Amino acid sequence: MNYEQELFSLFEMLREEATVSDSIQIITSVASVKFLELHKEQYNLPTTLTLEFLLKEGAFLAEKLKAMLNELEGRIPFLKGVYEPLYSSIPFSDSTLYRLFSRIHSLALSKEQWTEFVEVLFARVSHMDTYATGIVSTPSSVNELGIRMLQMQSGSFYDGTFGLAGTLCAAHHYALRNDLDISLYGQEMHPQTWALGKLRLLFHGRTDAQLAQGDTLTQPAFVEGNMLKKFDYVMMDFPFGMKMTNYEAISHDPFRNYSLR
C-alpha cells in the first residue's frame, strides 16, 4: 500500500470542513480505533467498540464516536484523558465521518503496517507548516542522532518536552535493536500534542510509558519526595512552541533545578 497516497486522500476528504490540525486529530483517533480491533482480546473490547459497529449506526456519528472514545478511555488505562482533547469539538458532518470511517475501516493492515502508516502520518505532519498544524516536531534524523550519541544501556529515558513522542519512539526502537530494557517517561505542555504523542506510542506498543501533561518547568510531574526524579538518560528538544510568561514561578523554583539569569 502507498501510505502517502492514502493519507493524501484522507486529508482531501476532510479539508473542506476543518483545519489541518482537526484533520490530523480525527485521522489519528479513528485509526487508533481500527488498530485496537487487532488487540480486542488483549483489552477485552466488545464489538460495539469498532468502526464496523459505527458504520452500521449511520447517523449522529460525531456523538457516537465521542461516546466510543470515552468508553475506550475507561477500558484502557493508558488512554485515560487522551481522546477528550482531540474530540472536544468535532466539526465534521455525518456524511464526511461516514466516508472517513469507511475508508479507514477498509484498510486491511497488520499491527506492524498500522505502525508504519501512523509514522508516515507523523512524518507528514513534521513537514507541514507549523502555523497550520500548531505543532513543532523534531526531525527524525535529529532524534536518531541524539539517541545514538547517548549510547544507552538498559535504564530509564526521559523527554520533558516530548511533543509528538518522536524522541521517545526513537529511544524505544534503539532499545529493541540493541536488546535493551528502556522505561519511557515524558511530559508535554499542550493537551492536543500530548494526546497525539500518547496515541503514537500506542501504535508502537508502548502503553507502559509514563507520560504526563503539564508544564515541565513550573509543574514537573516526576517528583520523589522533595526532589525531582532522576533518569538514566535525558534528551529534550527546545520547546519552540512555548510562550514564557510565568517568570515569577520559574524564579522561585522549589526544586532549584535551574536558575533564572
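A few remarks follow.
One line per residue, one yes/no per condition, for (1) open to solvent by 40 Å² or more (accessible area, probe 1.4 Å); (2) touching a Lys or Arg at 6+ places or on another chain (Cβ under 6 Å); (3) within 22 Å of Leu14 (Cα to Cα):
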site: Ser32; (1), (2), (3): no, no, yes
site: Lys66; (1), (2), (3): yes, no, yes
site: Gly74; (1), (2), (3): yes, no, no
site: Pro77; (1), (2), (3): yes, no, no
site: Tyr83; (1), (2), (3): no, no, yes
site: Tyr87; (1), (2), (3): no, yes, yes
site: His105; (1), (2), (3): yes, no, yes
site: Trp114; (1), (2), (3): no, no, yes
site: Pro139; (1), (2), (3): yes, no, no
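- Ser88 of a type in the set (Gly, Ala, Ser), free of Cβ contacts under 8 Å to residues at least 24 places away in the same chain and more than 20 Å from Arg206 (Cα to Cα): yes
- Checking each residue in the stretch 50-71 for being under 19 Å from Ala108 (Cα atoms) and in contact (Cβ under 8 Å) with a residue 24 or more places away in the chain picks out Leu51, Glu52, Leu54, Leu55.
- Of the residues screened, Glu57 is not one that is at pLDDT 95 or above, in contact with a Lys or Arg (Cβ under 6 Å, 6 or more places away or on another chain) and open to solvent by 10 Å² or more (accessible area, probe 1.4 Å).
- Residue tally, condition under 13 Å from Ile26 (Cα atoms), among the charged types (D, E, K, R) and under 15 Å from the mean Cα position of the chain (by Cα), over the stretch 58-86: 1
The values are calculated or read from the model by the stated rules, or taken from the named source; none is laboratory data. Every value quoted in this text rests on a predicted model; they were computed, and no experiment measured them. We place every Cβ from the backbone using ideal geometry, glycine too, and count neighbours over all the protein chains shown. Surface areas here come from the heavy atoms of the whole protein model, side chains and all, with no ligands, DNA or RNA. Shrake-Rupley method; radii C 1.70, N 1.55, O 1.52, S 1.80 Å.
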